[in-house]
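Reading through the structure tokens given below for one structure.
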Amino acid sequence: MSAAALAPPVDPARIARAFRAALAEAARYMGATAPNPPVGCAILDARGEILTVAAHHRAGAPHAEALALRQCAEQGLMDRASVAVVTLEPCNHTGRTGPCSEAILASPIRTVWVGAADPNPRVAGGGAARLRAAGCAVYVLGEAGGELLPDPFPELAAACRALIAPFVHWSRTGRAWLTVKQAVDADGSMIPPAGRTTFTSDAALTLAHRLRRATDAVVTGSGTVLADRPGLDVRRVADHADRAARPLVVCDRRGRVPEDWRAAARGRGFDVRTCDDITRLPAMLGADGVLWALVEAGPALLDALRAAGLWDDWLTIGVGPDGTERMDVAVRCGTDTPLRLFAELAAPGTAHPGTVHGEEACFPAS
């Protein structure tokens, strides 16, 4: 197929702007949608002007496309709707809500841009195929024609994949995605100086709370509980409103978790559980619909997770002798990671520049 045949009807720069808006809106609900993935959608007019932007809020609520279309109708803009830009392929099946493909076909929209194909093996490709069969022009980033588009489309495709990386992993394996967060000083120690609970900056602490907000569960070890009695709740940023109790899993083989700490954690909105075999941890979380879990623990548990190859990405916050910080992300398989969506980690030249790289040894995903 020629480049001319694939040429989009709207200025690519405006499509890129719409993707950024959809990604930003979807990212606001990371941590609230499980077991559904976070998804964003922008509706544009024929010139590429954004009419409305919406995201999926939580399981059972309208999908991003349906909500964006409803907003369009409520604002009297439906007659101008021409293009849909969505971070994930519209669904073509009925679950708690109706198919988004049919909602789009019931509107004037006949051009759809998709950031990432649906990874669910049971429904993969169904939405795009349905739209195309009904006469819609469907462009999927990274697929036929995607390579003909100028920057920043490759970066936007990577961001759309990052948004759903935990969902992709869960869909294919049934296991939760585990992100390890580890802070080390210049000597490689995780132990803060005497009289302090941390040695990282305020910016790094805020990032930790943003990660807690964006993930579906927190994992720690009994040693950390006994030594620090951590809160592990979201404090520096606003948490999701009306959030269901978040699983807090303590890896504990000897029944050492104090009951008063458990009770206090439940009072902070946690569903406290224990796991006596870390090899079962990802599957245990996945069975409960957890897509993405954040591991905040001491060196013993982190060493065990690394040795067993149970982590999916690893954020290291290194603090130098002069107090400067560097944030680095390792990805166990490939380069897709939800951490890419956090500006502190993805944008060189920020106050805390970092890198994202894959491990030399890639463990199987299944």
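Restricted to the stretch 253-276, and to residues there that are of a type in the set (V, I, T) and open to solvent by less than 50 Å² (accessible area, probe 1.4 Å), the residue that is farthest from L205 (Cα to Cα) is V257.
Condition first: over 30 Å from H57 (Cβ atoms) and surrounded by 12 or more Cβ atoms within 10 Å (Cβ to Cβ). Now tell me which residues in the stretch 223-252 satisfy that.
Keep residues of the stretch 223-252 that are over 30 Å from H57 (Cβ atoms), which gives 223-229, 251-252.
Result: G223, T224, V225, L226, D228, R229, C251, D252.
Residue-by-condition table, conditions (1) assigned to a strand (DSSP E or B); (2) open to solvent by 20 Å² or more (accessible area, probe 1.4 Å); (3) in contact (Cβ under 8 Å) with a residue 40 or more places away in the chain:
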residue: W311; (1), (2), (3): no, no, yes
residue: L315; (1), (2), (3): yes, no, yes
residue: R326; (1), (2), (3): yes, yes, no
residue: A330; (1), (2), (3): yes, no, no
residue: D336; (1), (2), (3): no, yes, yes
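Taking the stated definitions as given, is G60 among the small types (G, A, S), surrounded by fewer than 17 Cβ atoms within 10 Å (Cβ to Cβ) and more than 17 Å from P38 (Cα to Cα)? Criteria not met by G60. For the stretch 63-81, the tally of residues that are surrounded by fewer than 18 Cβ atoms within 10 Å (Cβ to Cβ) and either in a loop (DSSP other than H, G, I, E, B) or touching a His at 6+ places or on another chain (Cβ under 9 Å) (or both) stands at 3. In the set (1) out of contact with any helix residue (DSSP H, G or I) (no Cβ under 8 Å at 6 or more places or on another chain); (2) hydroxyl-bearing (S, T, Y); (3) not in a loop (DSSP other than H, G, I, E, B), T52 fails one condition alone, (1).
Scanning the stretch 143-153 for residues that are open to solvent by 70 Å² or more (accessible area, probe 1.4 Å) and modelled with pLDDT of 65 or more yields a single hit, E143.
Here is a yes/no grid of residues against (1) without any contact (Cβ under 8 Å) to a residue 60 or more places away in the chain; (2) among the acidic types (D, E); (3) assigned to a helix (DSSP H, G or I):
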{"position": "L211", "(1), (2), (3)": "no, no, yes"}
{"position": "V218", "(1), (2), (3)": "no, no, no"}
{"position": "V225", "(1), (2), (3)": "yes, no, yes"}
{"position": "D233", "(1), (2), (3)": "yes, yes, no"}
{"position": "V237", "(1), (2), (3)": "yes, no, no"}
{"position": "A244", "(1), (2), (3)": "yes, no, no"}
{"position": "V250", "(1), (2), (3)": "yes, no, no"}
{"position": "G255", "(1), (2), (3)": "yes, no, no"}
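The values are calculated or read from the model by the stated rules, or taken from the named source; none is laboratory data. Please read these numbers as outputs of a predicted model, since none were measured by experiment. As a convention, Cβ positions derive from the backbone with ideal geometry for all residues, glycine included, and neighbour counts pool all protein chains shown. Side chains are part of the model used for accessible areas, which takes the heavy atoms of the whole protein and leaves out ligands, DNA and RNA. Shrake-Rupley method; radii C 1.70, N 1.55, O 1.52, S 1.80 Å.
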